[in-house]
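Working notes, beginning with the structure itself.
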Amino acid sequence: MKFTCEKNALLKEIAIAQEIISSKSTISILSNVLLEANEGTLTIRATDMKVAFETKIPVEVSVPGSTTVFCDKFLGILRTMPEGDIEFEEKEQGTFLIKPVFKKIDFRLKTISSDKYPELPSIAENFYFSFPQKQFKEMITQTIFSVSEDETRYYMNGVCMEKNEDQLVMVATDGRRLSYISKPSSEPIPDFHQVIIPPKALNLIQRLASGEGSISIAVSDKNVFLMFDNQKLSTALIEGQFPNYQRVIPAEQKYKLKVGIPELLEAIKRVSLLVEQKSKRIYLELSEGRLVLSSEESELGVAKEELICDYEGPENVIALNYVYLLEPLRVMEGSSVLIEYTEPNRALTIRPVESTEYFHIVMPMQLD
Amino acid sequence: MTYFHVDLDAFFASVEQQDHPDLRGKPVIVGAKPGTRGVVSACSYEARVYGVRSAMPIAEAVRRCPEGIFLPVRMKRYREVSRQIMEIFSSFTPSWIPISIDEATLDMTGTDTLFGSPEAAATTLKKRVKDTFGLTLSIGIAENRYVAKLASEYRKPDGLYRVLPGEEVPFIDTLGLKKLWGIGVKTLNRLTELGWNTPAKIRDIPLRVIQVRLGKATGEFLYRIVRGIDPGIYTTEVKSHSLSQETTFPIDVGDPKILKQTLLDLSHQVMVRLHQESGRSRTVAIKVRYPNFKTRTFRRTLPHSILSAEELFHLGWELFQHNHPLGSEIRLIGIGLEQVETQEEPLQGELFPREYEKQRSVEKAILELQKKHPSLCLKKASLLFPRINSPGS
């Protein structure tokens, strides 16, 4: 195998490959990245046996072929190479030569034959359906922060994705708050079972997908497959039953409070400075036309901020983990947010005024 | 500042002597069954005359004191008595810290108008415990908790000793290095090597030199204690502690069924104690001792508080299996909760309550019932099967 390509074009892809390869596991064939040069294209593959990644970049191929090299060192070498074209060649079996075209640098990496590289999971083309990339990315943005990190509740360690008629739905929860988004698809979505997607793959999509055009999605029993911008990503699904989330979404809330998003965000950021960092409890005092945020009085002091809002309802105090308010607000679009509740000790709904596609459910904390 | 260090005398043995009047005045040894491999947990002063000490192998105790009365450990009873005694302590001052089942430190600063001089207060306290439970205790009084602890040891048993303000250094000098709490055998050997064999000698050495020789933390500790300054052994900042239970098997055990059963039982005992003090903990620890006496502890910290005995057992068993080769034999198993905090954290509402949440409510309800009706005995059915004998647990 022999090919030539520009350093930075390859470096970018190898950096992604290394991110996928689990650095924690012991060195094995899985620590290697697979390179396959054929007909003007270099195919790059990496996997940690859960997430698998494949990308194609145009290169000048002189001798087609394939091999695998230790990704960590390959990346390190590429990083230090001078700018410009680099020649790559598998000399005899077992040695991979890295040589900038106009410099006298000669690196040889040991290779492992590509035959030994595990087969990555795949699915037939006709199982894919397409969905606008921009919308898909937005769905991830609106939900991913609610994923639980508690390994004892592994079935909450990912984003639940399902089909609801012509809508694609994503839900994430850590058991205390929940984020929900549903978006219509322009083309019919084939039936598939509810799946739980680990955040690693979703974070990669956020980074790698351009946001233009569409993403192709296919779901099997064990994996979800995604294709976008010449890249293929698949991930093993989290096995287990996602909680019955519909049960905890209040059908209707009695009282509504409307307030500007930037004002509320700024106020939370300020007041949270004096909020006790272990419980993260912040107080929301509601009265007609007025919302007061405050921290608990502690050894450090106390913070209070008053905001003007649209609210007609009884005077009430609600205690919340302020992060559960901050995170949805950070990704919320539009100018105003609706905070809805029925009783101060029951679930709240936080939703944008301008969109009905998404909302967040938050359980309050004990008041004292 | 006035601190009391209170230490119950030969606590386990004394409780036995109170509960069984015929044992009074006799050498009582509480611990493993003679003929097994366990150790002495506690012994009465009568037994100490024979050279019996706690933590001594039971066989050795039998050899030294053949006429001793050997009793099994009734931890539940000792805890019950301990709790009642600690309640008396708390009626003397709101600021007290339990150190162990038979030890506590009390901040008696500013209680003169209530109880009179420190000596008078201590006498009242001793009398109250003696009258109610028939038990004696030793009290050390000093300006700080560290010296108070040393003072409580000084006139044991049934002692009362006050180190007057300003008398700390002479008191430390009379004790000598060996009796200073917190100096282990290793440090003591090192000090002997260096020729630093009295507190007075160490006082002459600059802090930096001590730290170079013994390390930063030990150096600082030593520098303070030879001057009678509290190095902060029981500062109130230490709000967390551990709760644990362990069992030494009469013979080495490898059978997972027995190990599981034992662990479940121990988990229940630990959780009952946690519920009793309304504590919470996120860290579970498993202790294993192998036939060659090598002991290892494995721990895991969760993002949430451990809710029920069942959950504790599952986590413990998982941790054990993860770190322990299947089927190989062990001598001892223990389970504990670490970083236990009694300070209530504001409760966060749950959208999807955990299954352990329900068990927690059940466990707490059972505890409440038992408190109201002490004769009531509610136990998990799986714990009713004949239990393998576990001395010293």
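Structural remarks
- Reported count of residues in region B:277-294, each being of a type in the set (D, E, K, R) and under 17 Å from B:Leu266 (Cβ atoms), is 2.
- Unmet criterion (only one of (1) within 12 Å of chain B (Cβ to nearest Cβ); (2) out of contact with any Lys or Arg (no Cβ under 9 Å at 6 or more places or on another chain)) for A:His360: (2)
- Test result for A:Glu354, among the charged types (D, E, K, R), within 14 Å of another protein chain (Cβ to nearest Cβ) and either surrounded by fewer than 18 Cβ atoms within 10 Å (Cβ to Cβ) or touching a Ser or Thr at 6+ places or on another chain (Cβ under 7 Å) (or both): no
- Residue among A:Ser148, A:Ser130 that alone is outside the structural domain of A:Ser28 (by TED's automatic domain parsing), in a strand (DSSP E or B) and surrounded by 13 or more Cβ atoms within 10 Å (Cβ to Cβ): A:Ser130
- Scope region A:308-322; condition within 21 Å of A:Val362 (Cβ to Cβ), touching a Lys or Arg at 6+ places or on another chain (Cβ under 8 Å) and surrounded by fewer than 16 Cβ atoms within 10 Å (Cβ to Cβ); matching residues: A:Asp310, A:Gly313
- Matching residues, region B:326-343, being in a loop (DSSP other than H, G, I, E, B) and within 14 Å of another protein chain (Cβ to nearest Cβ): B:Gln343
- Residue check for A:Asn345: closer than 22 Å to A:Val248 by Cα, within 13 Å of chain B (Cβ to nearest Cβ) and without any contact (Cβ under 8 Å) to a residue 40 or more places away in the chain: yes
- Extreme residue, farthest from the other protein chains (Cβ to nearest Cβ), among residues of region B:346-375 that are without any contact (Cβ under 8 Å) to a residue 40 or more places away in the chain, acidic (Asp, Glu) and under 17 Å from B:Ser305 (Cβ atoms): B:Glu355
- Check on B:Glu60, over 23 Å from B:Ala122 (Cβ atoms) and at pLDDT 90 or above: yes
- Restricting attention to region A:89-105, the residues being closer than 19 Å to A:Asn32 by Cα and assigned to a loop (DSSP other than H, G, I, E, B) number 4.
- Note on region B:302-337: among residues that are of a type in the set (D, E, K, R) and crowded, with 18+ Cβ neighbours inside 10 Å, the one that is farthest from B:Thr262 (Cα to Cα) is B:Glu311.
- For A:Lys222, the stated conditions do not hold, so it cannot be described as in contact with a Ser or Thr (Cβ under 8 Å, 6 or more places away or on another chain), surrounded by fewer than 18 Cβ atoms within 10 Å (Cβ to Cβ) and not β-branched (Val, Ile, Thr).
- Given (1) touching a strand residue (DSSP E or B) at 6+ places or on another chain (Cβ under 8 Å); (2) within 11 Å of another protein chain (Cβ to nearest Cβ); (3) among the charged types (D, E, K, R); (4) farther than 30 Å from A:Met161 by Cα, index of the condition A:Lys280 fails: (4)
- Only one of the numbered conditions (1) away from chain A (no Cβ under 14 Å); (2) touching a strand residue (DSSP E or B) at 6+ places or on another chain (Cβ under 9 Å) is violated by B:His275, and that is (2).
- When region B:245-287 is filtered for residues that are in contact with a helix residue (DSSP H, G or I) (Cβ under 8 Å, 6 or more places away or on another chain) and over 29 Å from B:Arg83 (Cα atoms), the ones remaining, listed by number, are B:Val253, B:Leu259, B:Lys260.
- Comparison of A:Ser298, A:Ser279 shows that the only residue that is in a loop (DSSP other than H, G, I, E, B), closer than 24 Å to A:Val147 by Cβ and of a type in the set (S, T, N, Q) is A:Ser279.
- Qualifying position, being without any contact (Cβ under 8 Å) to a residue 24 or more places away in the chain and surrounded by fewer than 21 Cβ atoms within 10 Å (Cβ to Cβ), among B:Arg37, B:Arg74, B:Arg63: B:Arg63
- Residue check, B:His304 outside any helix (DSSP H, G or I), within 14 Å of chain A (Cβ to nearest Cβ), at negative phi and touching a residue at least 12 places away in the same chain (Cβ under 8 Å): yes
- A single entry from B:Ile251, B:Ile258 fulfils the requirement of being surrounded by fewer than 17 Cβ atoms within 10 Å (Cβ to Cβ), in contact with a Phe, Trp or Tyr (Cβ under 9 Å, 6 or more places away or on another chain) and closer than 30 Å to B:Lys33 by Cα: B:Ile258.
Matching residues to (1) within 14 Å of chain B (Cβ to nearest Cβ); (2) surrounded by fewer than 18 Cβ atoms within 10 Å (Cβ to Cβ):
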{"site": "A:Pro82", "(1), (2)": "no, yes"}
{"site": "A:Ile86", "(1), (2)": "no, no"}
{"site": "A:Lys91", "(1), (2)": "no, yes"}
{"site": "A:Leu97", "(1), (2)": "no, yes"}
{"site": "A:Ile105", "(1), (2)": "no, yes"}
{"site": "A:Asp115", "(1), (2)": "no, yes"}
{"site": "A:Phe136", "(1), (2)": "no, no"}
{"site": "A:Tyr155", "(1), (2)": "yes, yes"}
{"site": "A:Glu165", "(1), (2)": "no, yes"}
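- Residue check for A:Ser179: buried (at least 17 other Cβ atoms within 10 Å of the Cβ), in contact with a Pro (Cβ under 8 Å, 6 or more places away or on another chain) and modelled with pLDDT of 95 or more: yes
- Filter result for B:Leu312 (touching a residue at least 12 places away in the same chain (Cβ under 8 Å), closer than 30 Å to A:Tyr324 by Cβ, within 13 Å of another protein chain (Cβ to nearest Cβ) and outside any loop (DSSP other than H, G, I, E, B)): yes
Yes/no matrix, rows are residues, columns are (1) β-branched (Val, Ile, Thr); (2) over 30 Å from A:Ile197 (Cα atoms); (3) modelled with pLDDT under 95:
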{"position": "A:Gln18", "(1), (2), (3)": "no, no, yes"}
{"position": "A:Ile21", "(1), (2), (3)": "yes, no, yes"}
{"position": "A:Thr26", "(1), (2), (3)": "yes, no, yes"}
{"position": "A:Glu39", "(1), (2), (3)": "no, yes, yes"}
{"position": "A:Leu42", "(1), (2), (3)": "no, no, no"}
{"position": "A:Lys91", "(1), (2), (3)": "no, yes, yes"}
{"position": "A:Arg108", "(1), (2), (3)": "no, yes, yes"}
{"position": "A:Asp115", "(1), (2), (3)": "no, no, yes"}
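- Every condition in (1) outside any loop (DSSP other than H, G, I, E, B); (2) in contact with a Ser or Thr (Cβ under 9 Å, 6 or more places away or on another chain); (3) not β-branched (Val, Ile, Thr) holds for B:Pro346 except the one numbered (1).
- Yes/no for B:Thr262 being touching a strand residue (DSSP E or B) at 6+ places or on another chain (Cβ under 7 Å), of a type in the set (Ser, Thr, Tyr) and modelled with pLDDT of 90 or more: yes
The values are calculated or read from the model by the stated rules, or taken from the named source; none is laboratory data. Keep in mind it's a predicted model, so treat the numbers as computed, not measured. We place every Cβ from the backbone using ideal geometry, glycine too, and count neighbours over all the protein chains shown.
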